[in-house]
Amino acid sequence: MPSLYTTATVVAAADALDGFNPFIRDNYFGEVVTFDTEEVVFDAISRRRKIAPFVSPKLAGKERDKRTGQVSAYKPPYLKPKDTLSPQGAVSRRGGEAIGGELTLLDRHEQQEMQTMADHENECRGREELMCCQLLQTGHMIAEGDGIKDDIDYERDAELTVALLAAARWGEAGVKVLDSIRAWRRLVASKSGASPSKVVLGYGASELLTADEDVRAVLDIQRQASGMMALAGNASGGVDDVARLIGVIDGVEYWEYTQTYEDENGVDQHFWPEFGVSLISKPRFNGHMTYGAIMDLKSLQAEKRFTKTYEEEDPSREVMLTQSAPLPVPVDVNASFFGTVR
């Protein structure tokens, strides 16, 4: 059977709209910092909640304890997507090219290079998104692959990761979703000093939220008061919207996140667990995407990505390699919470 992209094919093929939308990365790890070292380093200033002491004006002032700080160093995991481009790839007609071919072999080869480079960037972006999702869910970032098995623990307070059980789960009789959210907001505030104003939900948790009578009543009032749909916002990526704004309740935004990726076994997986709920105080959490130095003699500098090509003579082929050392880092990981609600 001839290939779909050979010049004998009569049906043109369109480029697939399969780009990842890094919704979590861009919203909660939006600051980018590159390092010219293999490790990335962050200073964390301890939270201070003491108040000024009473002292008689006739006595000396009371010496206060100094605010402490902690320097954390992390070695980011390494990404290295790689492709081999052969001359045969330049012979076949490209998707969308006129029947019989209108491009030169060199044109097709250059397009093959550009597509491969774009694929590498997209796959790195997808991996970064998954790393950010994992950090918000567990307070850890685990990387396992060829020659690597890392568990980077950001030491989030254990009370900020919860799994509801039995009759306490959302959707059970008498359970009020907004009661859970308010309790978790107070918990985050007690651990970090900041009250979350963003909530991210998996599709199952989103359905349970909008099925709650109190939530429905608030959203109905919002629609009637504004004369427009409260379920308005969305974040687009690939062939579909990956996140949508459910509504704003008590100053808190509720987002449903449904983006998927394909795992190593070819099975579609959700970036966000079906019944997962995260609360984030964005200013206090202050997530950064950090990048360590590229370990390649042709780079050896601070940069997000480094792509190089090199030729092998016999058989003739070109190898394209992209390298990156990304790591999401929160300034205050305790400004986030994750719960499994069912």
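Observations, loosely collected:
- Cα-only Debye scattering, segment 285-342: base-10 log of I(q)/I(0) at q = 0.21, 0.28 Å⁻¹: -0.85, -1.06
- Neighbourhood net charge (14 Å Cβ-Cβ; Lys/Arg +1, Asp/Glu -1) for MET295: 0
- The coefficient of translational diffusion for segment 97-159, derived via Stokes-Einstein from the alpha carbon Kirkwood radius under 10 °C and 1.306 mPa s, stands at 105 µm²/s.
- Sequence of TYR254, TYR203 from largest to smallest accessible area, 1.4 Å probe: TYR203, TYR254
- Using R0 = 30 Å, the C-beta based FRET efficiency linking ARG182 and ASP220 works out to 0.90.
- Between ALA73 and GLU262, the distance separating the two model label sites (each 7 Å from Cα on the Cα→Cβ line) works out to 4.1 nm.
- Each residue, ASP314 and VAL32, gets one label point 7 Å from its Cα in the Cβ direction; the gap between the two is 4.3 nm.
- For segment 166-211, the spread of Cα coordinates along the three principal axes comes to 32, 21, 14 Å, biggest extent given first.
- Within segment 266-295: backbone nitrogen closer than 16 Å to the ILE148 label point (7 Å, Cα to C-beta): 289-295
- Nearest-0.05 FRET efficiency for ALA52 and ALA189, computed from C-beta distance (R0 30 Å): 0.85
The values are calculated or read from the model by the stated rules, or taken from the named source; none is laboratory data. For clarity, every value in this text was computed on a predicted model and none was experimentally measured. As a convention, Cβ positions derive from the backbone with ideal geometry for all residues, glycine included, and neighbour counts pool all protein chains shown. These accessible areas exclude ligands, DNA and RNA; they are computed on the full protein's heavy atoms, side chains included. Shrake-Rupley method; radii C 1.70, N 1.55, O 1.52, S 1.80 Å.
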